[in-house]
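Before any comments, here is the structure.
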(Lines give C-alpha, C1' and ligand atoms only; values in the text may rest on other atoms or scores of the structure.)
Protein backbone atom coordinates (compact mmCIF):
# COMPACT_ATOMS: atom_id res chain seq x y z
CA UNK A 1 0.00 0.00 0.00
CA UNK A 2 2.85 2.38 0.80
CA UNK A 3 4.05 2.25 -2.80
CA UNK A 4 0.79 3.86 -3.92
CA UNK A 5 1.82 7.02 -2.10
CA UNK A 6 4.53 7.52 -4.72
CA UNK A 7 3.44 5.53 -7.76
CA UNK A 8 -0.24 6.19 -8.28
CA UNK A 9 -2.66 5.07 -10.95
CA UNK A 10 -6.43 5.30 -10.67
CA UNK A 11 -6.74 1.60 -11.49
CA UNK A 12 -5.50 1.00 -7.92
CA UNK A 13 -8.68 2.42 -6.35
CA UNK A 14 -10.24 -1.04 -5.73
CA UNK A 15 -7.03 -2.18 -4.03
CA UNK A 16 -7.06 0.87 -1.76
CA UNK A 17 -10.72 0.29 -0.90
CA UNK A 18 -9.97 -3.34 -0.03
CA UNK A 19 -7.02 -2.20 2.04
CA UNK A 20 -9.34 -0.08 4.13
CA UNK A 21 -11.00 -3.34 5.26
CA UNK A 22 -7.79 -5.30 5.84
CA UNK A 23 -7.30 -7.23 9.09
CA UNK A 24 -4.01 -5.44 9.79
CA UNK A 25 -4.24 -1.91 11.14
CA UNK A 26 -1.11 -0.73 9.31
CA UNK A 27 -2.71 -1.56 5.95
CA UNK A 28 -5.87 0.31 6.92
CA UNK A 29 -3.83 3.30 8.06
CA UNK A 30 -1.79 3.37 4.86
CA UNK A 31 -4.96 3.10 2.78
CA UNK A 32 -6.24 6.24 4.47
CA UNK A 33 -2.95 8.01 3.76
CA UNK A 34 -3.17 7.04 0.08
CA UNK A 35 -6.75 8.33 -0.04
CA UNK A 36 -5.61 11.64 1.42
CA UNK A 37 -2.61 12.07 -0.85
CA UNK A 38 -4.43 11.25 -4.10
CA UNK A 39 -7.92 12.53 -3.22
CA UNK A 40 -9.59 9.17 -3.84
CA UNK A 41 -13.19 10.39 -3.66
CA UNK A 42 -14.50 6.86 -4.13
CA UNK A 43 -13.21 6.11 -0.63
CA UNK A 44 -15.36 8.54 1.37
CA UNK A 45 -17.60 5.78 2.75
CA UNK A 46 -14.60 3.59 3.60
CA UNK A 47 -12.97 6.49 5.46
CA UNK A 48 -16.20 7.16 7.34
CA UNK A 49 -16.15 3.52 8.45
CA UNK A 50 -12.54 3.86 9.62
CA UNK A 51 -13.47 6.72 11.93
CA UNK A 52 -14.70 3.96 14.31
CA UNK A 53 -11.61 1.76 13.92
CA UNK A 54 -10.25 0.27 17.17
CA UNK A 55 -6.74 1.59 16.38
CA UNK A 56 -6.19 5.30 17.13
CA UNK A 57 -3.67 5.75 14.30
CA UNK A 58 -6.19 4.45 11.78
CA UNK A 59 -8.89 6.78 13.10
CA UNK A 60 -6.52 9.73 12.86
CA UNK A 61 -5.50 8.86 9.30
CA UNK A 62 -9.15 8.46 8.29
CA UNK A 63 -10.05 11.84 9.80
CA UNK A 64 -7.18 13.48 7.91
CA UNK A 65 -8.20 11.77 4.68
CA UNK A 66 -11.78 12.97 5.02
CA UNK A 67 -10.65 16.49 5.83
CA UNK A 68 -8.42 16.52 2.77
CA UNK A 69 -11.17 15.13 0.55
CA UNK A 70 -13.62 17.74 1.74
CA UNK A 71 -11.00 20.47 1.30
CA UNK A 72 -10.88 19.48 -2.36
CA UNK A 73 -14.64 19.34 -2.77
CA UNK A 74 -15.45 15.64 -2.42
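Residue 45 passes every criterion in (1) crowded, with 17+ Cβ neighbours inside 10 Å; (2) outside any loop (DSSP other than H, G, I, E, B) apart from (1). How about the stretch 21-42: which of its residues are in a loop (DSSP other than H, G, I, E, B) and closer than 13 Å to residue 58 by Cβ? Selection gives 21, 22, 23, 24. For the stretch 2-20, filtered to residues that are assigned to a helix (DSSP H, G or I) and touching a helix residue (DSSP H, G or I) at 6+ places or on another chain (Cβ under 6 Å), the residue that is nearest to residue 55 (Cα to Cα) is 19.
Do we have residue 74 as modelled with pLDDT under 95 and surrounded by 12 or more Cβ atoms within 10 Å (Cβ to Cβ) here? Here the answer is yes, as residue 74 does meet what is asked. Taken over the stretch 21-42, the criterion of being surrounded by fewer than 18 Cβ atoms within 10 Å (Cβ to Cβ) and over 15 Å from residue 55 (Cα atoms) is satisfied by 37, 39, 41, 42. The residues of the stretch 50-66 include none that are within 24 Å of residue 9 (Cβ to Cβ) and either in contact (Cβ under 8 Å) with a residue 60 or more places away in the chain or exposed (fewer than 14 other Cβ atoms within 10 Å of the Cβ) (or both).
The values are calculated or read from the model by the stated rules, or taken from the named source; none is laboratory data. Just so you know, these numbers come straight off a predicted model, no measurement behind them. Here the Cβ is made from the backbone with ideal geometry for all residues, glycine too, and neighbour counts use every protein chain on show.
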